[in-house]
Every structure is written in C-alpha cells, then in structure tokens.
Amino acid sequence: MPDAPASNPLPTSRTAAPTYSERLWLGPGGWVLLALFAAMMAVAFIPLDRRVAAVVGVVVLALGAAVLVGRAPRVEVRDGVLRAGGAHIPVALLGSAVPLDADATRAELGPRLDARAHVCLRGWIRTAVRVEVRDPEDPTPYWVISTRRPTELAAALQA
C-alpha cells in the first residue's frame with residue numbers, strides 16, 4: 001500500500017490577501033483635466049479633418065488614462081512588509097504609525113519635515129500616515145505615506 005501523500009510543507013502566505021491595499025489614483029479633478037486636454041488636442045486637429053480630430057482626442061484620452069492608471073502607486077501591507085510605491089520595508093523594523101489629518105499632513109510635509117524622511121506623496125490626497133523606522137542601519141527616521149484611509153493603514157501596521 002503506497003504512503004499517503006505528505007501535506008504541503010511550504011507556507012501559503014504568498015497567496016494570502018493583503019492586510020491593507022490601496023491604489024493612489026488621481027482625484028476627480030485630474031481626470032477632468034485629462035478629458036479637457038484630450039478635447040483641446042482634438043480641437044487642434046479640426047482644421048485638418050473632423051475624423052482625424054476625433055481619433056486624436058480618443059487616442060490622447062486612452063493613452064493618458066493608461067499612463068495615469070499604470071503610474072498610480074500602490075500602498076500595501078502584506079506578508080509582513082509595507083510597500084509604498086517602489087519602496088518596501090519589513091513591518092518588524094517599523095515603530096509607531098500615526099494617522100495624520102489634512103492639517104497634520106501639511107505640517108509634517110512642511111515645517112516638521114526631516115530631509116532624510118522617505119515620502120510617498122500624492123498632492124491630491126490630503127491625509128497621510130507617519131511611520132517611525134527603527135532599523136539602526138537605516139538613516140531614514142520615518143516614512144510619510146499619502147493615503148485616503150490613514151486610520152486603516154495605521155491599524156494594519158500595528159497589527
């Protein structure tokens with residue numbers, strides 16, 4: 001009688017859902033500006049041909065949307081790692097995470113900003129989270145990360 005197959009000893013954390021995930025999309029005003037820019041590009045081609053103008057407008061709108069969607073950074077806490085845009089750090093190396101309202105975010109990014117801090121900022125998002133870095137080998141004292149849900153991100157980092 002053959003032996004029963006052994007259970008899979010590999011951890012399944014890679015397929016686990018993220019503890020926190022957010023895409024820092026452009027705000028509604030930015031999408032309106034993209035549509036206006038596409039319309040202006042189309043209007044510039046009207047003297048040539050109306051069909052060409054329509055095609056140019058649609059192409060500019062589609063390409064602009066693709067670029068904006070593709071370049072929108074992701075903020076994520078998964079598998080014990082915080083990812084903010086292209087940067088990542090293990091959560092074990094982080095200290096306290098403080099959610100910031102609009103006024104506190106403005107102060108953190110203005111008069112209180114340390115030049116060594118890592119900032120994942122999107123100007124159209126008014127709230128953020130400030131996360132202390134406790135890695136003795138890392139010269140970065142803290143991260144400031146734009147987020148529309150600062151309390152949820154701070155809770156995910158503290159969990």
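Bear in mind that the values in this text are calculations on the coordinates, not laboratory data. Model, not experiment: these values are computed from the prediction. Every residue, glycine among them, receives a Cβ derived from its backbone with ideal geometry; neighbour counts consider all protein chains shown.
Would you mind ranking L94, L63 so that the residue whose beta carbon has the fewest other beta carbons within 10 Å leads the list? Mind showing how you got there, number by number?
Values: L94 19, L63 12.
Least crowded to most crowded, the residues run L63, L94.
Two decimals is fine: what's Rg over Rh for region 76-159, C-alpha atoms, Kirkwood radius as Rh?
Details: Rg = 11.7 Å, Rh = 12.7 Å.
With Rh from the inverse mean 1/r over Cα pairs, Rg/Rh is 0.93.
Report, in order of residue number, the helices in the chain meeting two criteria: a C-alpha extent of 20 Å or more along the helix axis, and a mean Kyte-Doolittle hydropathy of at least 0.5; treat each whole DSSP H run as one helix.
Details: long enough: 28-44 (24 Å, 1.89); 50-71 (31 Å, 1.79).
Membrane-span-like by this rule: 28-44, 50-71.
Kindly state, as a whole number, the per residue volume in cubic angstrom of the convex hull around the alpha carbon atoms of region 22-71. Each step should come with its number before you reach the end.
Values: hull volume 2.7 nm³, N = 50.
Each residue corresponds to 54 Å³ of Cα convex hull volume.
Kindly put L100, L34 in sequence by how many other C-beta atoms sit within 10 Å of each C-beta, fewest to most. The partial results should precede the final answer.
Details: L100 22, L34 18.
So the residues, fewest neighbours to most, are L34, L100.
Show me the three semi-axes of the equivalent ellipsoid for the chain, from the C-alpha gyration tensor (sqrt of 5 times each eigenvalue), largest first, rounded to whole Å. Let's see the in-between values first.
Numbers: eigenvalues 310, 148, 28 Å².
Over the Cα atoms of the chain, the semi-axes work out to 39, 27, 12 Å.
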